[in-house]
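Report on the structure given below.
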Amino acid sequence: MLKINDLSVYYGLIKAVKQINFKVKDGQIVSLIGSNGAGKTSTLASIVSDVKKIGEVIYDGYDISKHPTHKVIKDGIALVPEGRRVFINLTVEENLRMGAYNNDDRYEELRDHMYTLFPRLVAKKDQLAGTMSGGEQQMLAIARALMSSPKLLMLDEPSLGLAPKIIGELFDTIVKLKNDGITILLVEQNAFAALDISDYAYVLENGEIVMHDIASNLIKSDEIRQKYLGG
C-alpha cells in the first residue's frame, strides 16, 4: 500500500531523515520506533505535508510526494498528529464534522460508527473538546481522522501522556481498526506496546533505519530490549 523510497527530509540545512526506505503492506500494523529526535514524526509529516523532502512516497502504486495535504487525505491517508490537536473551542460533534469535510453526505453514518468505536464520546458529544481529558481528546483525534474514511491511518505517539489503562484501551481499538480493514502506520515511543500489536517494525536512529524485522522477532531482540524495552 505504501512504499517509501530514498526519503530524506530537511529543515533548513538540517537533514532530519536520511534516505530511508520502508513499506507498509495492506492490512498490516507497521511501527516506527526510536528515541526522541530519531526522525519518526518528520517521516509521517513528509507523507502528508509539503515539508522539504527528496525521494518517493508511493501510495497504491502512485507517487504522491508532490500532492498537497488535502489531496493526500482525499487519496485515503489520514494522520493523527502528536499532541492530538483537536479543535479545543469546538464540541465533539463539531470536531467530527470538521473531519468529514470530504464525506459530508455520510456524516451521520460515520459519526454513529465513531460513537460505536469510542462509546465514551457519546456522553461528551456537546462538550468542548478543550475541557476533556487527554485520553478522551486522543479518542476524538482518532475519530476525527477516521471521518475521512482512510485506507491508511497514521498515528503519531498516540499513547503520549496517557494513563496505562487508557493506553490499553487505545491499543485495543487500534487492533480493532486493523481487523476492520484499515492499514496502520504507528509511530510510538512506547516500543513494547507498539511491537506487541504490530506485524512489522522499523527502528530509526538519527534519521536512519538501523534495524527492521517482524515485530515478534524485534520484541525478543536483546539489543531492542536493552535500548527500548528497559532490558
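From Val86, Val122, Val72, which residue is on the phi < 0 side of the Ramachandran plot, in a helix (DSSP H, G or I) and under 15 Å from the mean Cα position of the chain (by Cα)? Before you say what the answer is, go through the steps one by one.
Numbers: Val86 fails: in a helix (DSSP H, G or I); Val122 fails: under 15 Å from the mean Cα position of the chain (by Cα).
The match here is Val72.
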Legend entry - Any pair with Cβ under 7 angstrom, 6 or more apart, that starts in segment 58-78 at a residue that is in contact (Cβ under 8 Å) with a residue 60 or more places away in the chain and of a type outside the set (A, V, I, L, M) and ends at one that is surrounded by fewer than 20 Cβ atoms within 10 Å (Cβ to Cβ) and in a helix (DSSP H, G or I): Tyr59/Asp75
Inset, instruction - For segment 31-50, indicate whether the set of residues that are in a strand (DSSP E or B) and out of contact with any helix residue (DSSP H, G or I) (no Cβ under 6 Å at 6 or more places or on another chain) is non-empty. - result: no
Inset, instruction - Go through segment 1-19 and count every residue that is free of Cβ contacts under 8 Å to residues at least 60 places away in the same chain, among the charged types (D, E, K, R) and surrounded by 15 or more Cβ atoms within 10 Å (Cβ to Cβ). - result: 1
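Quick test for you: out of Asp26, Asp50, pick the one residue that is at pLDDT 90 or above, among the acidic types (Asp, Glu) and closer than 23 Å to Ser148 by Cβ.
Working: Asp50 fails: at pLDDT 90 or above.
Result of the check over Asp26, Asp50: Asp26.
Among the helices (runs of 4 or more DSSP H) contained in segment 165-231, which hold 2 or more residues that are in contact with a strand residue (DSSP E or B) (Cβ under 7 Å, 6 or more places away or on another chain), among the aliphatic types (A, V, I, L, M) and surrounded by 19 or more Cβ atoms within 10 Å (Cβ to Cβ)?
Details: elements: 191-197, 215-218, 222-228.
The qualifying helices (runs of 4 or more DSSP H) are 191-197, 215-218.
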Inset, instruction - Would you be able to tell me the number of residues in segment 20-35 that are on the phi > 0 side of the Ramachandran plot and surrounded by 19 or more Cβ atoms within 10 Å (Cβ to Cβ)? - result: 1
Inset, instruction - Could you grab me the full set of residues in segment 75-122 that are surrounded by fewer than 14 Cβ atoms within 10 Å (Cβ to Cβ), more than 24 Å from Leu160 (Cα to Cα) and at pLDDT 90 or above? - result: Glu108, Glu109, Asp112
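The values are calculated or read from the model by the stated rules, or taken from the named source; none is laboratory data. Predicted model, so just to flag it, every value in this text is computed and none were measured. A quick note on method: Cβ atoms are made from the backbone with ideal geometry, for glycine too, and the neighbour counts reach across all protein chains shown.
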